[in-house]
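This report concerns only the one structure given below.
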Amino acid sequence: MSRRTAPRRRPLPVTATKTGAWVWIGSLAAIVAVAGLAAWFFLPPSPASLRGRAEAAEVAKDWPTALRAWRTINATKLARGRTWLGEARACLGLDLAAQAESALEKASAADPADPEPWRLRLELLRTEGRVVDALRVGWSAYESVDIDAKRSILRALTLALLLLDDASGGMPDDRALARLDRWVAADPNDAEAVVAQHQQVAALPRPGDPDLASWVAVLSKALARNPHRVVVREALVTALVDAGEIDQGRSILAEWPEAERDSRYHRLMGRWDLEYDREPARALASLEAALTDLPHDWRTRTLLARVYQTLGRREAARHEAARVAALRELLDPATLVPRLANDFARPDDPRSQADLAALCARAGLDRLADAWRREAASPTAH
C-alpha cells in the first residue's frame, strides 16, 4: 500500500502576518492607555505634585483647590508645619476662620519656631476680640520663635491687647466688622465669630440684627453644642443679665468649667458678687484676680472702684477712679491708633521700641513693657 503524501500548507501572505502584528500592537497600546487613564483617575497624585498644585492654586487665589490639596497632604504622614499653614491660609481665603484657627494650632505644634502661624493666629484672635486667648498664645509664641522673629510677635501681641475698645467706644473698626460679617456668612456655626460680630455692633444695632431674646437663644444652642467654649459662656451670661434673667445667668456661671476659670470668669463673678449678691469683700477678691492678667481692663477697674466705695475705702476708690480715667485716655483709639502706627512704621528704631515700652507700662502690661525695653536695648536688633 502506497503512502499518500499530505497536502502542503500554503504560507500566509506576508501582508496578512504584518496586519496581525499591528493589530496586536494596537491592542496593547490601547490597554496601556486605558491603564494610564485609570491610574490618573484613581491613583493618588504624588506629594510633590499635590504641593505644586496647592502652591499654584494659592498664587491664583483658587482657595477651594488649594484647600483640597493641602488637606490631602495633611491627611498623610507628610503633614508639616508649612502644609498646615497652607491649609490655614486657604481656609482664611474662604473666610472659614474656625477651621483656619485649628490648622494654625497644628502648624505651631509641628513647627513652633515658625512665626507666621503664630502671627496669623494672633491677628485672628484680635479680630474676634479674644484678648485672654491672645495673651496666652502670644507669650507661647514669644518663647518659641527665634530671636530675630520675636519683634513681629510682640507687634501682633501689642495690637491684640491694646486695640480692644474701638467698637465699644463708638468707633467700630470697619475692616474688622466686614471681616466678621464674611466669617459668619461663610460658617454660621463659628460661635466665636458670631459672638465677636454681635459685640462689634451691640452699641450700634443694625437692621436685621437679632433682638436680645433671639441672641440668648443663639448663644444657648451654641453653648449646648460645646460647653467648653468660654467666649460663648461669657456672652450668654452677659446677655441673660441684660435680659433680666439673673437666676438663669447665675446657673450658667456656676457651671463654668473649673479648669477654664480665667479672667473672664473672675470679672463676671466680681460683678455678680457686687451687684446681685451684695458681697463686696468677695467681689474684691474676684476683681483683683481678673486684673492679674488684664491690668488694663478699665471696665473691671470701674467695678473695683465701686467695690472700694462700698467697703468705705474712699481713698482707694478715688485712686482707682483716677486710674480708670487715665486708662480710657491712654486707650482712646483716636490717639492710640496714630501712636501705634507711628511706632510700627519705624520697627528698627530704638525710640519707637522705647515708646512702645512706655505705653505698655502705663497700661500696666509690665511683661510686655519689659520685652519692648529689651528690644530697644539690644544692639543686634538695630
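Please report the net charge: other residues with Cβ closer than 12 Å to the Cβ of residue 143, K and R +1, D and E -1. Please report the intermediate quantities before stating the final value.
Numbers: positive: 136, 150, 367; negative: 146.
Residues close to residue 143 contribute a combined charge of +2.
For q values of 0.16, 0.18, 0.19 Å⁻¹, compute log₁₀ I(q)/I(0) with the Debye formula on a Cα-only model of region 155-308, without solvent. These q points yield log10 I(q)/I(0) values of -1.01, -1.27, -1.38. Quick note on region 91-201: its Rg to Rh ratio, both from C-alpha atoms and Rh being the Kirkwood radius, is 0.98.
Put 258, 320 in order of accessible area, highest first, and with a 1.4 Å probe you get 258, 320.
Report the full-extension gain for the segment residue 293 to residue 146: residue separation times 0.36 nm, less the Cα-Cα distance, to one decimal in nm. That works out to 50.4 nm of additional length. Ordering 80, 155, 264 by accessible surface, largest first, gives 80, 155, 264; the 1.4 Å probe counts only protein heavy atoms, with every chain in place.
The spacing between region 348-364 and region 73-103, judged by their C-alpha centroids, is 34 Å. Projecting the Cα atoms of 307, 296, 331 onto the dipole axis of region 259-379, where Lys and Arg carry +1 and Asp and Glu carry -1 at the beta carbon, places 307 farthest toward the positive end. Rg and Dmax, both from the Cα atoms of region 218-282 and both in Å, are 11.4, 35.
The values are calculated or read from the model by the stated rules, or taken from the named source; none is laboratory data. Note that the structure is predicted; figures quoted are calculated from it, not measured. FYI the Cβ positions are ideal-geometry reconstructions off the backbone, even for glycines, and counts take in every protein chain you see. For accessibility, only protein heavy atoms count, side chains too; no ligands or nucleic acids. Shrake-Rupley method; radii C 1.70, N 1.55, O 1.52, S 1.80 Å.
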